[in-house]
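The values are calculated or read from the model by the stated rules, or taken from the named source; none is laboratory data. Only a predicted model underlies this, so the values are computations on that prediction, with no experimental measurement involved. Using ideal geometry, Cβ is built from the backbone for each residue, glycine included, and neighbour counts are taken over all protein chains shown. These accessible areas exclude ligands, DNA and RNA; they are computed on the full protein's heavy atoms, side chains included. Shrake-Rupley method; radii C 1.70, N 1.55, O 1.52, S 1.80 Å.
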Amino acid sequence: MGKINFSSSQSFGHMESNLFKLVNASSRFAERYLEGGVEVLMDAIGYPEYQEILMHMNEVTLADFGTDGTSVSRMLKPDQIVQMSLVDSEFLTIGLLMMPAGAVIPLHDHPGMTVTTKILCGEVERISCDLVDVKKQFEFHQEDMMDIEDDFASFNLVEGIFKSLNLLREGDIFQLTPLHNNIHSFSAISACVVLDVLTPNYDEKFRFCNFYNMKKGKE
């Protein structure tokens, strides 16, 4: 049975805190992934460990991190995106992403990963896409910015499907899997804080973070 270990320097509050419970549930789901492989990620919602992630993530607020939306807005500088890792292991990452109004994270992917995200404060516009052939995510040259097109017409482009454009607000939770909504972008409408749980982590060997441009296909 796989086991996720964390640094003893990490502190998630007392054992009954929402954050502590989220970390434990995420660890158990990561262990389930180690036992069952990528098939577990394909149908994450069907596993009780993942249901626990959703339950505890629903309870987590900025107060669990000792701050609030007003403080975050004052702290962030224009165009400054701040990342904070709470858990950072090979098979599990939990972190915060803080973005000032107007900041953009371009289209990027999470190859062979499941990611669960909650908006802790603010509003974010999110675009989601799928690749027709997800195997290509593991073949890209890391120095390239790939073009994703919703009507494949050129060998220089990657065949993709535009899925949705959503305005997400405080309290909204969403998921992506290896097959669905795996490519997405964030545009901060207002200063925002995003909580992410990634299973597994990027490994810079097989699971790179690829970036994309979106191009409209031929009519």
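Each of Lys118, Lys135 has its accessible area taken with a 1.4 Å probe; listed largest first, they run Lys135, Lys118. Of the residues Ser85, Ser128, Ser190, the one with the largest accessible area comes first in the ranking Ser85, Ser190, Ser128, computed with a 1.4 Å probe on protein heavy atoms.
Start at zero, step by 10 Å, and the Cα-Cα distances of region 21-68 spread as 29, 44, 20, 7 percent across the bins.
Computed extension gain for Val82 through Leu179, at 0.36 nm per residue and net of the alpha carbon distance, reaches 32.1 nm.
Each of Met99, Ser73, Ala63 was placed along the dipole of region 49-131 (beta-carbon charges, centred on the mean Cα), and the one lying farthest toward the positive end is Ser73. Using only the Cα atoms of region 174-219, each taken as one equal point scatterer with no solvent, compute I(q) by the Debye sum, divide by I(0), and report log10 of the ratio at q = 0.20, 0.30, 0.31, 0.33 Å⁻¹. Normalising to I(0) and taking log10 leaves -0.97, -1.31, -1.31, -1.32. Convex hull over the alpha-carbon atoms of region 39-120: what's its volume per residue in Å³? In region 39-120, the Cα convex hull volume per residue is 116 Å³. Counting every alpha-carbon pair across region 51-91, the share separated by more than 14 Å comes to 66%.
Measuring only protein heavy atoms, the 1.4 Å probe finds Ile173 accessible over about 50 Å².
Each residue was assigned an accessible area with a 1.4 Å probe, and for Phe65 the value is about 50 Å².
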